[in-house]
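For reference, the structure discussed in these notes is given below.
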Amino acid sequence: MADATGPTSATDAAAYDDDALARLRRRTVGVLASGQILGGIAFGATISLGAVLAADISGDEAFSGLATALVTLGTAALAVPLAALARRRGRRIALAGGMLIALVGVAVVILAAGVRVFPLLLAGFALIGAGQAANLQSRFAAVDLATAASRGRDLSLVVWATTIGAVLGPNLVGPGEALGDALGMPPLTGPYVFTVVAQILAVALYLAALRPDPLLVATRIAGSAATGAAAGIARADRPRAAAYAIVAIAGAHGVMVAVMAMTPVHLLHHGADLEIIGLTISLHIAGMYALAPVFGVLADRLGRIPTILLGQALLTAALLTAAVGQESGAAVTVALVLLGLGWSASTVAGSTLLTESSAESLRTRRQGRSDLAMSLVGGLGAIGAGFVLGAIGYGGLALVALIVVAAVTVLAPYARAAR
């Protein structure tokens, strides 16, 4: 029986000529980028109030960090199952499913705020992690149909789209509170109205517009005698290069989260006001996403590993700037911008390398493992950074993080040898 999402046989898959494949790839990237904007709005509005809600309902500010921690753990827990679902049913179902689970999580958070039950609140935040897991999977979906010449660019465009949602989401807190009051919602939950709307729109977008499903089409092409651009979708398996890509992605993420999470605390202790702290974090987020297409083009033209190493160089510059200039607010801001740029280069090039180093039958499984490792390392980095900051200060934390950067850099020949 024919599948409405695309070709149903090797013969049908081979029918995609270069022009048809290019049109489908561009359309897929456009849909995924739009979904990332909606997902960014939903996630940004959620995280902005998570810590405040946790402190309010628990009655203890010491528990405020558990909101972000549970979202991170939920992301990690659902990364592999969503990747497995994508493998069986396609990206369309996996991405929509992740957003639906997150939608349930938002409903649970609102309910928990109304009845003021802290464990229920944490359960809701864990479910919301599914939305972030879906957002992470989107960047891999962008390259299901890409060839070597466009993988980095296509992936980076979807990563870049996150910028719009990440900026809009937190700025909806004020209007959301006013809307929540008008609707009679529990205090501090009004902004979740925008989260719910954004997630419903994302689910509808993925289900309606992500057709033909890029992963299903890529799977069929890989099993066919495709020629031309279609033949470039399937790649030989290079497990060592794939393993290095996972290490590079997780390492960059862990370094970024550890230093970024402690920067507001450090600046606050040095007399910075909330406006300066907010500006610093905003510039950091801009560094993470705004130049992603530049790093995507570099990954396509210079190579994946050289771009990963460029990312490590930027991370090194960021950490040294933070260590040397820890007493200067301006230096810390520069360090955070460089930190975001280093993360962007490493993540874009690393994700591209992981995809093209994995045989089609192993690709989604490794992508799920990469997102799992990325989330776990980020969570552990945030937790461990607090202890390091208390023991040896912000500059010491930056120098400790250099160990991870050095390890990723030293391991690069391991991946090169896999060629």
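Per residue, the solvent-accessible area of segment 263-414 (1.4 Å probe, heavy atoms of protein chains only, all protein chains present) comes to 39 Å².
The residue list V324, A241, Q36 was ranked by how far each Cα lies along the charge dipole of the chain toward its positive end, using unit charges on Cβ atoms, and A241 comes out on top.
Counting only DSSP H runs of at least 4 residues, each contributing -39500 (n - 2.57), and dividing by the residue count of the chain, the helix-based mean residue ellipticity at 222 nm comes to -28000 deg cm²/dmol. Summarised in one figure, the compactness ratio Rg/Rh of segment 340-419, Cα atoms and Kirkwood Rh, is 1.04.
Could you list the residues of segment 373-408 with an amide nitrogen less than 17 Å from a label point located 7 Å from the Cα of V265 in the Cα-to-C-beta direction? Output list for this probe position: 378-401. Counting only protein heavy atoms and a 1.4 Å probe, segment 111-229 has 35 square angstrom of accessible area per residue.
Its Cα gyration tensor gives segment 52-197 an equivalent ellipsoid. The semi-axes, each the square root of 5 times an eigenvalue, are 31, 17, 13 Å from largest down. Using only the C-alpha atoms, the convex hull of the chain corresponds to 123 Å³ per residue. Peptides 249-257, 109-117 ordered by packing proxy, namely the average of other Cβ atoms within 10 Å per residue, highest first: 249-257, 109-117.
The values are calculated or read from the model by the stated rules, or taken from the named source; none is laboratory data. This structure is a prediction, so every number in the text was calculated from the model and none was measured. FYI the Cβ positions are ideal-geometry reconstructions off the backbone, even for glycines, and counts take in every protein chain you see. Note: areas computed on protein heavy atoms with side chains; ligands, DNA, RNA excluded. Shrake-Rupley method; radii C 1.70, N 1.55, O 1.52, S 1.80 Å.
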